[in-house]
Amino acid sequence: MNRKLVVFVPREALDPVRDALFAAGAGRIGDYERCSWYTAGTGTFRGGESTSPSIGERGREQRVAELRLETVFPEESQDEVLAALRDAHPYEEPAFDIYPLL
């Protein structure tokens with residue numbers, strides 16, 4: 001069964017994150033590869049005292065232009081896909097959701 005990954009990335013990280021996810025087995029639909037969808041939005045966050053944010057500074061709310069990136073992956077590849085996401089994503093704690101596809 002496939003799952004859908006939704007992750008929020010700064011624009012400059014889109015291609016490196018997509019490339020890493022695709023290399024880990026994400027983005028395949030039938031005979032098509034590197035399938036994804038993205039749209040623009042604004043992410044907000046405020047890092048606590050123990051954080052080391054890659055954008056902004058801890059203790060101050062940040063507003064960042066981000067892209068919502070969606071792709072699919074096989075359930076059995078989840079560990080590899082999430083490891084690739086964390087390695088390629090510039091944020092200390094990337095925000096993402098995983099949905100089962102029926």
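So, E92, is that one in contact with a Pro (Cβ under 9 Å, 6 or more places away or on another chain) and under 17 Å from D15 (Cβ atoms) or not? Let's see the steps before the verdict.
Details: in contact with a Pro (Cβ under 9 Å, 6 or more places away or on another chain): yes; under 17 Å from D15 (Cβ atoms): no.
For E92, the condition - in contact with a Pro (Cβ under 9 Å, 6 or more places away or on another chain) and under 17 Å from D15 (Cβ atoms) - is not met.
From the list G30, G25, G47, G43, pick out the single residue that is out of contact with any Pro (no Cβ under 7 Å at 6 or more places or on another chain) and either closer than 16 Å to P100 by Cα or surrounded by 11 or more Cβ atoms within 10 Å (Cβ to Cβ) (or both). Working first, answer last.
Numbers: G30 fails: either closer than 16 Å to P100 by Cα or surrounded by 11 or more Cβ atoms within 10 Å (Cβ to Cβ) (or both); G25 fails: out of contact with any Pro (no Cβ under 7 Å at 6 or more places or on another chain); G47 fails: out of contact with any Pro (no Cβ under 7 Å at 6 or more places or on another chain).
Checking each option against the conditions leaves just G43.
Going through the stretch 20-65 one residue at a time, which ones are acidic (D, E) and out of contact with any strand residue (DSSP E or B) (no Cβ under 9 Å at 6 or more places or on another chain)?
Taking the stretch 20-65 and keeping what is acidic (D, E), we get 31, 33, 49, 57, 61.
Passing the criteria: D31, E33, E49, E57.
Need pairs with beta-carbon distance below 7 Å; first residue farther than 17 Å from E80 by Cα and modelled with pLDDT under 95 and within the stretch 19-44, second of a type outside the set (A, V, I, L, M) and assigned to a strand (DSSP E or B); sequence gap 6+ or separate chains.
G43/F8; G43/E66; T44/Q62; T44/R63
Does E12 count as more than 25 Å from L102 (Cα to Cα) and surrounded by 15 or more Cβ atoms within 10 Å (Cβ to Cβ)? Spell out the reasoning first.
On the way: more than 25 Å from L102 (Cα to Cα): yes; surrounded by 15 or more Cβ atoms within 10 Å (Cβ to Cβ): no.
Spelling it out, it is not the case that E12 is more than 25 Å from L102 (Cα to Cα) and surrounded by 15 or more Cβ atoms within 10 Å (Cβ to Cβ).
This table checks each residue for (1) closer than 12 Å to L5 by Cα; (2) within 13 Å of the chain's Cα centre (by Cα).
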residue: E33; (1), (2): no, no
residue: Y38; (1), (2): yes, yes
residue: R46; (1), (2): no, no
residue: G59; (1), (2): no, no
residue: Q62; (1), (2): no, no
residue: L82; (1), (2): yes, yes
residue: P100; (1), (2): yes, no
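Looking at this structure, is A95 among the small types (G, A, S), within 16 Å of T42 (Cα to Cα) and in contact (Cβ under 8 Å) with a residue 60 or more places away in the chain? Break it down into steps so the answer makes sense when it comes.
Numbers: among the small types (G, A, S): yes; within 16 Å of T42 (Cα to Cα): yes; in contact (Cβ under 8 Å) with a residue 60 or more places away in the chain: yes.
Yes; evaluated as a whole, the condition is true for this residue.
The values are calculated or read from the model by the stated rules, or taken from the named source; none is laboratory data. A quick note: this is a predicted structure, and the numbers were derived from the prediction, not measured. As a convention, Cβ positions derive from the backbone with ideal geometry for all residues, glycine included, and neighbour counts pool all protein chains shown.
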